[in-house]
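What follows is a single structure, written as structure tokens, with notes after it.
Please treat every number below as a calculation from the coordinates, not as lab data. Because the structure is a prediction, the values reported are computed rather than measured. Neighbour counts are summed over all protein chains in view; Cβ atoms, including those assigned to glycine, are modelled from backbone coordinates with ideal geometry.
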Amino acid sequence: MNETPFNPLPLPDNLMLAEEPGKPLPPPVDGPPKPRKPRKRKQPPASMKTKCQARWEKLKTQINTRLGQLDKQKLKELLLACGIAAGVVLAIIAALKLVPIAALLLAILGLYAVIRLWDRLRDLRKAI
């Protein structure tokens, strides 16, 4: 009864099995595993926060100075162009989200048309 069962898949030669004959097993570990300490999240240093705040303020002032140099008409054109670009992007995203629903509706309508055509052909066959 100690014979190994038939295995239709040959095992590779370099496969290391856990229970190879002739090799002793490692001794079992005694006791339950030690609980892990919860990791503490590192808080960014205060100097990092002030650097980020200073960069943000600098960026805001640069944007305000560039927009402040534009005259009213140019600013209106720029904001209109940005609005149109945002609208186009939203329309494309909405179209991509609705493509599967549209494909399903077209498939249902096509199936409906095929069934109606099939019924008409069957009725036509009965009339002949």
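Observations
- Its Kirkwood hydrodynamic radius, worked out from the mean inverse distance over all distinct Cα pairs, puts the range 46-127 at 18.8 Å.
- Per-residue Cβ neighbour rank within 10 angstrom, fewest leading, GLU57, GLU3: GLU3, GLU57
- Taking 26 Å as the straight-line reach from the Cα of LYS34, the lysines in range (excluding those fewer than 8 positions away in the same chain) are LYS42.
- Sites ILE93 and TRP56 - FRET efficiency at Förster radius 22 Å, r taken between beta-carbons, to 0.05: 0.20
- Extension reserve of the LEU105-ALA85 stretch, reckoned as 0.36 nm per residue once the Cα distance is removed: 4.3 nm
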